[in-house]
Each structure stands twice: as C-alpha cells, then as structure tokens.
Amino acid sequence: EPEVTQTPSHQVTQMGQEVILRCVPISNHLYFYWYRQILGQKVEFLVSFYNNEISEKSEIFDDQFSVERPDGSNFTLKIRSTKLEDSAMYFCASRFEGETQYFGPGTRLLVL
Amino acid sequence: QQQVKQSPQSLIVQKGGISIINCAYENTAFDYFPWYQQFPGKGPALLIAIRPDVSEKKEGRFTISFNKSAKQFSLHIMDSQPGDSATYFCAANRDDKIIFGKGTRLHILP
C-alpha cells in the first residue's frame with residue numbers, strides 16, 4: 001500500500017539554524033500539507049499546498065517557514081531560523097481528490 | 001469557533017468493554033468529521049469518518065454517532081482489545097484543513 005514517507009525521522013539542531021524537513025507524498029496525490037504536534041498536545045495545521053502554491057496557512061506559519069515542491073516527488077518544509085518553541089513532531093500529509101488526508105510517520109525536531 | 005473539544009483526556013477500559021470518546025464543535029461550516037488513531041512514534045491514521053448528513057456510521061467494531069443539532073459526535077469501540085490502545089483524535093475538516101481535538105489516550109486492560 002502506498003504511503004507518505006518523511007526524512008529524517010529525528011533532527012536535532014541549534015537555535016537559529018535552518019532546517020529542512022522532507023516528505024515524499026503518495027505519488028498521484030495533488031494536495032499536500034504540513035502539521036505539527038508539540039509533545040503531549042494536539043496536532044495543529046500549518047500549511048496546505050496545491051498546484052505549486054500555498055492554499056492556506058495558519059498563524060503559526062510565519063515568515064520563518066516556507067514550503068516547496070522542488071521536483072515531482074518531494075515536498076519540503078524549511079524553517080529559516082529555528083526557535084526553541086519549534087521543537088515538535090512535524091507531519092506531512094497528502095490527499096488525492098477526496099477529503100481523506102494520509103499522514104507520514106513524522107519528523108521529530110529538537111531545537112537546543 | 002475553530003475548536004473541536006474532545007473528552008475524556010484519558011480512558012481505561014477492560015478488554016471486551018465499550019470505549020466511548022466524545023467530541024463537540026462550534027463551527028457549522030465543518031463538513032467532514034474524521035477520527036484518527038495514533039500509535040506512539042507514528043503519524044495519525046484515518047480510522048473512520050462521517051459527514052454531517054448521516055447520524056451513524058459503523059465499520060467493524062468502530063461506530064461514529066453524529067448529532068448535528070447538538071453539534072456533537074462520538075466514537076464507540078465495541079469489544080475493545082489491547083491492540084486498540086492508542087491515542088484517538090476526533091477532527092473536523094473545513095477549507096481543506098483538519099482541526100484536531102486534543103486527543104484521548106485509550107488504554108485497554110488485558
């Protein structure tokens with residue numbers, strides 16, 4: 001069964017450093033998303049992406065965040081200058097045309 | 001208005017019992033209500049979902065009951081098994097994004 005994959009599974013970085021989280025959505029999917037989950041809290045929407053542009057973003061998704069689909073398979077989330085409060089699990093999701101979003105296993109980001 | 005409120009925060013059920021998780025929402029613009037199951041270290045996985053024009057949906061041991069007028073919906077897990085031990089999130093879709101509840105940590109005693 002096709003699935004969303006994410007790399008790396010864990011990332012440790014210093015405050016102020018840039019990180020890029022990578023996702024490979026399911027191959028025929030058209031809509032792509034990033035969510036985050038701070039430890040012990042709920043999953044929060046960050047951004048949706050369709051047709052090579054951002055469809056919607058939350059207030060969390062400020063100028064420090066950017067997304068890109070650099071080729072036909074990868075979907076990336078970049079955090080330009082990480083803060084301590086960016087430490088969280090980041091989930092990529094994708095969907096075809098129905099409502100169901102399929103989530104990847106996540107990248108655990110720790111900012112020191 | 002964007003919130004989905006979920007209770008209880010944690011739940012312990014004996015094997016074979018019924019697990020019930022409740023959720024409520026405010027925004028009538030939500031048009032799709034999925035439940036996600038999450039195991040430790042994994043991403044949320046869709047368990048079952050319902051639209052607001054349906055009052056109940058059953059898939060195997062999992063049933064969603066939906067009360068549109070009360071803006072409430074619930075997940076029932078019949079004959080709960082230790083393998084059902086996980087965190088469950090109710091959610092609501094609007095404008096192509098999912099709004100999650102805070103989650104219920106379910107533990108099924110063997």
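The values are calculated or read from the model by the stated rules, or taken from the named source; none is laboratory data. All of these numbers come straight from a predicted model, not from anything done at the bench. Positions of Cβ are generated from backbone atoms using ideal geometry, with glycine treated the same way; all protein chains shown enter the neighbour counts. Just the protein is used for accessible areas: all its heavy atoms, side chains included, with ligands, DNA and RNA removed. Shrake-Rupley method; radii C 1.70, N 1.55, O 1.52, S 1.80 Å.
Here the Karplus relation 6.51 cos²θ - 1.76 cosθ + 1.60, evaluated at θ = phi - 60°, turns the backbone of region A:95-112 into coupling constants of 8, 8, 10, x, 7, 6, 9, 9, 9, x, x, x, 10, 8, 9, 10, 9, 9 Hz, with x for every Gly and Pro.
Which peptide among A:6-13, A:83-90 comes first, and what is the full order, when sorted by highest mean count of other Cβ atoms within 10 Å? Walk me through the numbers before you get to the answer.
Details: A:6-13: 14.1, A:83-90: 16.4.
Answer by packing, highest mean first, reads A:83-90, A:6-13.
For the options A:GLN41, A:GLN101, A:GLN64, a Gaussian network treatment of chain A with springs between C-alpha atoms closer than 10 Å singles out A:GLN41 as fluctuating the most. Viscosity 0.890 mPa s, temperature 25 °C: what is the translational diffusion coefficient of the protein assembly as shown from Stokes-Einstein with a Kirkwood Rh over Cα pairs, rounded to a whole number of µm²/s? Result for D is 136 µm²/s.
For the set A:THR5, A:THR76, B:THR87, solvent exposure ranked by accessible area (probe 1.4 Å, protein chains only) runs largest to smallest as A:THR5, B:THR87, A:THR76. With all pairs of different C-alpha atoms in the average, the Kirkwood value for the hydrodynamic radius of region B:4-109 is 13.7 Å.
Where the accessible area of region A:5-111 is counted over protein heavy atoms with a 1.4 Å probe, how much of it, in %, is carbon and sulfur?
47 percent
Sorted by accessible area (1.4 Å probe), largest first, how do A:LEU77, B:LEU109 line up?
Working: A:LEU77 0, B:LEU109 60 Å².
Largest to smallest exposure gives the sequence B:LEU109, A:LEU77.
Our coupling estimate for region A:30-37, obtained by passing each phi through the Karplus curve with A = 6.51, B = -1.76, C = 1.60 and θ = phi - 60°, is 10, 10, 9, 9, 10, 10, 9, 9 Hz, Gly and Pro reported as x.
Based on Cα contacts under 8 Å between residues 6+ apart, chain B shows a relative contact order of 37 percent. The orientation-averaged projected area of the convex hull spanned by the Cα atoms of chain A comes to 6.8 nm². Projecting the Cα atoms of A:THR107, A:CYS92, A:VAL12 onto the charge dipole of chain A, computed from C-beta unit charges around the Cα centre, puts A:VAL12 farthest toward the positive end.
Over 25 Å apart at the Cα level, from the set B:LYS5/B:LYS97; A:LYS42/B:LYS71; B:LYS57/B:LYS97; A:LYS42/B:LYS15; B:LYS42/B:LYS71; B:LYS42/B:LYS97, are A:LYS42/B:LYS15; B:LYS42/B:LYS71. No cysteine of the protein assembly as shown lacks a disulfide-compatible partner when judged by a Cβ distance under 4.7 Å.
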